[in-house]
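> Encoded as structure tokens, here's the structure I'll be asking about.
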Amino acid sequence: MNKKRLALIISGIVILITIYSFFGATDEEDILLTTKIVRGTYLNEVIISGEAQSTSSKEINGPIGARRFNIYQLKIQDLVAEGTIVKKGGYIGKIDASEVNSKINDARLSLEGAESRYTLQQLDTTLALKQERTTIKDLLFNIEENQLELKRSIYEPPATIRQLEIKIEKFERELKEKREDYSIKKRQSNAKMIQVGTEVSKIKKQIEELIDLQKEFTVYSEDDGMVTYVKDWNGNKKKVGSTISPWEPAMASLPDLTKMESKTYSNEVDIRKIKKGLKVKIGFDAFPDIEIDGVVTDVANVGENKRGSDIKLFQVLIKLNSTNKNIRPGMTTSNRILTHQEDNVLMAPLEAIFSKDSISYTYVKSGYSIEKRQVELGLANNEVVIIKKGLKENDVVYLNAPENMEEKSIKLLK
């Protein structure tokens, strides 16, 4: 019984200790958070997300000569997947060729009609000129016949002889006129033949050009590279079903992956801090382990409104100083732009700074007591603030206000 009683007593004591440890009163210092003032390098950064893109790329265009044939809307019928690695001459995609095929068929029908007109004109010319040549020969025979009769009529009365001479003169005049008519008709026939023949040649050339254009509706790469889709005017990437035009014929591009940048936009507050030449640390959402150094190369002077928002944003371009084989255009980037740096300065967390009546102060541990001490502050970022006066390295400060310290006076700076 004594052993059982002893065991019960010990168990009760353990339970009491456990309850006390969980629900008992605690010392004030157990619930107050503290930290030390440290000396180090202060960094002020603007952190904005962006999109990786190449600074140099070759556009892959659809048929650029379509406008000559009044073809203005070209629909993408097929397109390789974005990110596909292609060799020079490799297949990229196909444009719907139904319109150009229709124009080829129409041109071939026009050619048949033109060739028929050419043949008819050729036959008409041959027949007309043959008739003119026959008339000229008949006149020559008449002249020759009357000349022979004139020679036999040397003993005829003068009136008869004169009548034959007039007849010969009349035939000679008609012969001259017919020869002139023949020359004119021949030139006219040649002109008509040239006109119809030119029409035939023009249509044949048009068909050849349309067939060459038709070949451009299957698009091949002009170089080695990785295919990326281009964006249209509203920021949407080209895809199967999208349209291109003779004025904007690009359907994809081959970026130079050795020349990359991050394109980003800053708000009106942060843009004042960002200047050309500032150093940047660039991270990638898809590859958290990759971080690349960069530099700001361009800062827009004029803001622009993004779709669906009235907030003015300013474009910022950041050049990557190096690259990585895993980086691809279109990847989301995290850009930490270093706008200010100070070495060998005292720093405190923002949570350790309090204020009253425009006086900044901290709660500083001093032995077994706590002081409210005024501090002179320098620049601050989202985490820490520079301490110019009032604290020294390794001072312990409180991150939350201790109880019953509101009425305690602040120790002012000298």
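> Considering only residues that are among the acidic types (Asp, Glu) and either open to solvent by 100 Å² or more (accessible area, probe 1.4 Å) or without any contact (Cβ under 8 Å) to a residue 24 or more places away in the chain (or both), which ones fall in segment 213-227?
Matches in segment 213-227: GLU222 only.
> Just a yes or no: is a residue in segment 341-352 among the β-branched types (Val, Ile, Thr) and buried (at least 19 other Cβ atoms within 10 Å of the Cβ)? Can you show your working first?
Taking segment 341-352 and keeping what is among the β-branched types (Val, Ile, Thr), we get 345.
Still in the running and buried (at least 19 other Cβ atoms within 10 Å of the Cβ): none.
Within segment 341-352 (the criterion being among the β-branched types (Val, Ile, Thr) and buried (at least 19 other Cβ atoms within 10 Å of the Cβ)), the answer is no, since none of the residues qualifies.
> Would you please name the residue that is farthest from SER54 (Cα to Cα), looking only at residues in segment 280-307 that are outside any strand (DSSP E or B) and open to solvent by less than 40 Å² (accessible area, probe 1.4 Å)?
GLY303
> Would you be able to say whether some residue in segment 231-246 is out of contact with any Phe, Trp or Tyr (no Cβ under 9 Å at 6 or more places or on another chain), more than 30 Å from ALA114 (Cβ to Cβ) and buried (at least 18 other Cβ atoms within 10 Å of the Cβ)?
Checked against the condition, which is being out of contact with any Phe, Trp or Tyr (no Cβ under 9 Å at 6 or more places or on another chain), more than 30 Å from ALA114 (Cβ to Cβ) and buried (at least 18 other Cβ atoms within 10 Å of the Cβ), segment 231-246 yields at least one hit.
> ASP310: open to solvent by 70 Å² or more (accessible area, probe 1.4 Å), over 30 Å from TYR398 (Cβ atoms), modelled with pLDDT of 95 or more and not aromatic (Phe, Trp, Tyr), yes or no?
So ASP310 does not fit the description; no.
> Right, here's the next one. If you go through segment 97-119 one residue at a time, do you hit one that is open to solvent by less than 90 Å² (accessible area, probe 1.4 Å), free of Cβ contacts under 8 Å to residues at least 24 places away in the same chain, closer than 30 Å to VAL227 by Cβ and in a helix (DSSP H, G or I)?
Yes, segment 97-119 has at least one match.
> For segment 383-398, check the following and say yes or no: at least one residue is under 24 Å from ARG272 (Cα atoms), in a loop (DSSP other than H, G, I, E, B) and not aliphatic (A, V, I, L, M).
Yes: segment 383-398 contains one or more residues that are under 24 Å from ARG272 (Cα atoms), in a loop (DSSP other than H, G, I, E, B) and not aliphatic (A, V, I, L, M).
> Just for segment 79-93: of the residues that are closer than 14 Å to ASN61 by Cα and outside any loop (DSSP other than H, G, I, E, B), which one is most open to solvent (accessible area, probe 1.4 Å)?
Here the answer is TYR91.
> Looking at segment 150-195, which of its residues are among the aliphatic types (A, V, I, L, M) and either free of Cβ contacts under 8 Å to residues at least 12 places away in the same chain or outside any helix (DSSP H, G or I) (or both)?
ILE154, ALA159, ILE161, ILE166, ILE184, ALA191, ILE194, listed by residue number.
> If you don't mind, there's one more thing I want to ask. In segment 127-143, is there at least one residue being touching a residue at least 60 places away in the same chain (Cβ under 8 Å) and either over 30 Å from PRO329 (Cβ atoms) or open to solvent by 60 Å² or more (accessible area, probe 1.4 Å) (or both)?
Yes, because at least one residue in segment 127-143 is touching a residue at least 60 places away in the same chain (Cβ under 8 Å) and either over 30 Å from PRO329 (Cβ atoms) or open to solvent by 60 Å² or more (accessible area, probe 1.4 Å) (or both).
> Follow-up. Consider TYR363 against the criteria (1) more than 25 Å from GLY277 (Cα to Cα); (2) at pLDDT 90 or above; (3) open to solvent by 40 Å² or more (accessible area, probe 1.4 Å); (4) touching a helix residue (DSSP H, G or I) at 6+ places or on another chain (Cβ under 8 Å): it satisfies all of them except one. Which criterion is unmet?
Only one criterion is unmet by TYR363, namely (3).
> Hey, can you tell me all the residues within segment 229-240 that are in contact with a Lys or Arg (Cβ under 7 Å, 6 or more places away or on another chain) and in contact (Cβ under 8 Å) with a residue 60 or more places away in the chain? So that I can check it myself, show each step before the final result.
To start, the set of residues in segment 229-240 that are in contact with a Lys or Arg (Cβ under 7 Å, 6 or more places away or on another chain) comprises 229-232, 237.
Within segment 229-240, TYR229, VAL230, LYS237 qualify.
> Being under 49 Å from the mean Cα position of the chain (by Cα) and touching a residue at least 60 places away in the same chain (Cβ under 8 Å) is the requirement here; does LEU350 meet it?
no
The values are calculated or read from the model by the stated rules, or taken from the named source; none is laboratory data. On a predicted model such as this, the values are computed, not experimentally measured, just so you know. Note that we place each Cβ from the backbone using ideal geometry, even for glycine, and neighbour counts take in every protein chain shown. Note: accessible area is taken over every heavy atom of the protein model, side chains too, but ligands, DNA and RNA are not part of it. Shrake-Rupley method; radii C 1.70, N 1.55, O 1.52, S 1.80 Å.
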